[in-house]
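First the structure, in the form of structure tokens, and then the observations on it.
The values are calculated or read from the model by the stated rules, or taken from the named source; none is laboratory data. Values in this document were obtained by computation on a predicted structure and should not be read as measured data. Neighbour counts are summed over all protein chains in view; Cβ atoms, including those assigned to glycine, are modelled from backbone coordinates with ideal geometry. Surface accessibility is based on the protein's heavy atoms, side chains included, excluding ligands, DNA and RNA. Shrake-Rupley method; radii C 1.70, N 1.55, O 1.52, S 1.80 Å.
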Amino acid sequence: MLDADFFRRWMFATAEAVDHEAARLTELDSAIGDADHGANLQRGFTAVAQALEKDAPDTPGAVLALAGRQLISKVGGASGPLYGTLLRRTGKALGDAAGVSEAELAAALRAGVDAVAALGGAAPGDKTMIDALVPAVDAFEDGDFAAARAAAEHGAEATTPLQARKGRASYLGPRSIGHQDPGATSSALLIGALAETAERSAR
């Protein structure tokens, strides 16, 4: 079973990964966005880590709800509401249980991804974070963390030849082709941090 400590460590690992990759995310965003994705997410997940150090929610759902609230309040642009919705909706789906199974997390993540898709009006192929998240939750149905990470990374890379149909990048039309989507890239970091947390827990 995955307890609140597991979810705290997932958020800390995500903050570390975003901090490490912030410059790359901003570089990707400079080509097809506002050149602030890395800095915005870095600020948001730093706030998440700080909040979790001060507060220690005792259920997985409460950990994700707190993280989501921090992202919505601290991150500008579209990233805050989208990532905040992802984590809050996933947390809500987990309910008040003190521990959850991989299958329950997989179902909750799907609910979170569905909420993001509804909020942004995006579908796979639109060159958004959905292109990494949907393959990840599909691969995670069997509780395979490594498969989810690989699927998310592949999904992010597969956005490069796509023309953006949603978000800031869509304004560029054909000029968005040839650039990897920063939101899909950061989503792959989130899923990668989840897999890393699971691997560390298994040692």
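So if I check each of Ala156, Ala146, which one is open to solvent by less than 40 Å² (accessible area, probe 1.4 Å) and at pLDDT 95 or above?
Numbers: Ala146 fails: open to solvent by less than 40 Å² (accessible area, probe 1.4 Å).
Matching residue, one of Ala156, Ala146: Ala156.
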- Note on the structure: Over segment 167-203, the set of residues more than 20 Å from Leu105 (Cα to Cα), free of Cβ contacts under 8 Å to residues at least 60 places away in the same chain and surrounded by 18 or more Cβ atoms within 10 Å (Cβ to Cβ) is Ala184
- Item | Test for Thr90: is it of a type in the set (Val, Ile, Thr) and within 29 Å of Ile177 (Cα to Cα) | no
- Residue satisfying all of: in segment 125-143; under 21 Å from Ala169 (Cβ atoms) and among the small types (Gly, Ala, Ser); most open to solvent (accessible area, probe 1.4 Å) among these: Gly125
- Item | Contacts under 9 angstrom Cβ, first residue in segment 87-98 being in contact (Cβ under 8 Å) with a residue 60 or more places away in the chain, partner surrounded by 15 or more Cβ atoms within 10 Å (Cβ to Cβ) and assigned to a helix (DSSP H, G or I), 6 or more apart | Ala98/Ala4; Ala98/Pro60
